[in-house]
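Asks: Here it is, the structure, as structure tokens.
The values are calculated or read from the model by the stated rules, or taken from the named source; none is laboratory data. None of these values were measured; they are calculated from a predicted model. Methodologically, a virtual Cβ is constructed for each residue, glycine included, from the backbone with ideal geometry; neighbour enumeration extends over all protein chains shown.
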């Protein structure tokens, strides 16, 4: 069977005016992830990313220079928009700048979204799941045997939840676990799509590198 290795982008710029850029640490995380793939002998024969800057910067810093194909289905849901809709444009400072408050609030917001709330959001929950499914189809309808995709926590959580037939709410539980530059691996063929590995970070396995592990 062929492999689809989905890697979450490296650390972005949490709390900055432009979140969609890697931090200095994010570039270093990407370099380590790319080096670990090459050291293991796993070299992709197809590259796919979403359209977000942090995803493209991750791939570039991993050291894979060939131009990737892009599919917007690998992009994150627009959490800025969802929070803005929930708070009617007045998102509290603590939600925007305090990590614990942000992710606790985000979890509750996504559960509302999944249940059909947040009317007026730029994207519905069903539109999100449909585009993630389209991205999976795009990445796996190929003769390539090793497909490397750079995505984000939400789509990765949804790919895993849908593969396992889990309830919608499980997507968010998975989403919040996904580490920056972690590896989630699927096997695929014309007959099936199965999860093989979730959220692995072998490039942070040493005590020194473990300090580089981040979630946002």
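Asks: Whether any residue in segment 126-145 is farther than 20 Å from residue 162 by Cβ and touching a residue at least 60 places away in the same chain (Cβ under 8 Å) is what I want to check.
Replies: So the first thing to find is which residues in segment 126-145 are farther than 20 Å from residue 162 by Cβ, and the list is 143-145.
Applying the additional criterion that residues be touching a residue at least 60 places away in the same chain (Cβ under 8 Å) yields 144-145.
Among the residues of segment 126-145, at least one is farther than 20 Å from residue 162 by Cβ and touching a residue at least 60 places away in the same chain (Cβ under 8 Å), which makes the answer yes.
Asks: Same structure, new question: All but one of (1) buried (at least 17 other Cβ atoms within 10 Å of the Cβ); (2) more than 18 Å from residue 153 (Cβ to Cβ); (3) outside the structural domain of residue 171 (by TED's automatic domain parsing) hold for residue 93; which doesn't?
Replies: (1)
Asks: Anything in segment 171-200 that is surrounded by fewer than 20 Cβ atoms within 10 Å (Cβ to Cβ), part of a loop (DSSP other than H, G, I, E, B) and within 17 Å of the chain's Cα centre (by Cα)? List them, or say none.
Replies: Once the filter is applied, which keeps residues that are surrounded by fewer than 20 Cβ atoms within 10 Å (Cβ to Cβ), part of a loop (DSSP other than H, G, I, E, B) and within 17 Å of the chain's Cα centre (by Cα), segment 171-200 yields 176, 177, 179.
Asks: Is there a residue in segment 182-189 that is assigned by TED's automatic domain parsing to the domain that holds residue 6, touching a strand residue (DSSP E or B) at 6+ places or on another chain (Cβ under 6 Å) and closer than 19 Å to residue 103 by Cβ? Full working, then the answer.
Replies: Going through segment 182-189, the residues assigned by TED's automatic domain parsing to the domain that holds residue 6 turn out to be 182-189.
Narrowing the set further to residues that are touching a strand residue (DSSP E or B) at 6+ places or on another chain (Cβ under 6 Å) leaves 182-188.
If we keep only those that are closer than 19 Å to residue 103 by Cβ as well, we get 182.
Scanning segment 182-189, I find at least one residue that is assigned by TED's automatic domain parsing to the domain that holds residue 6, touching a strand residue (DSSP E or B) at 6+ places or on another chain (Cβ under 6 Å) and closer than 19 Å to residue 103 by Cβ, so the answer is yes.
Asks: Within segment 56-73, does at least one residue satisfy the condition of being outside the structural domain of residue 176 (by TED's automatic domain parsing), without any contact (Cβ under 8 Å) to a residue 60 or more places away in the chain, surrounded by 15 or more Cβ atoms within 10 Å (Cβ to Cβ) and out of contact with any helix residue (DSSP H, G or I) (no Cβ under 6 Å at 6 or more places or on another chain)?
Replies: There is no residue in segment 56-73 that is outside the structural domain of residue 176 (by TED's automatic domain parsing), without any contact (Cβ under 8 Å) to a residue 60 or more places away in the chain, surrounded by 15 or more Cβ atoms within 10 Å (Cβ to Cβ) and out of contact with any helix residue (DSSP H, G or I) (no Cβ under 6 Å at 6 or more places or on another chain).
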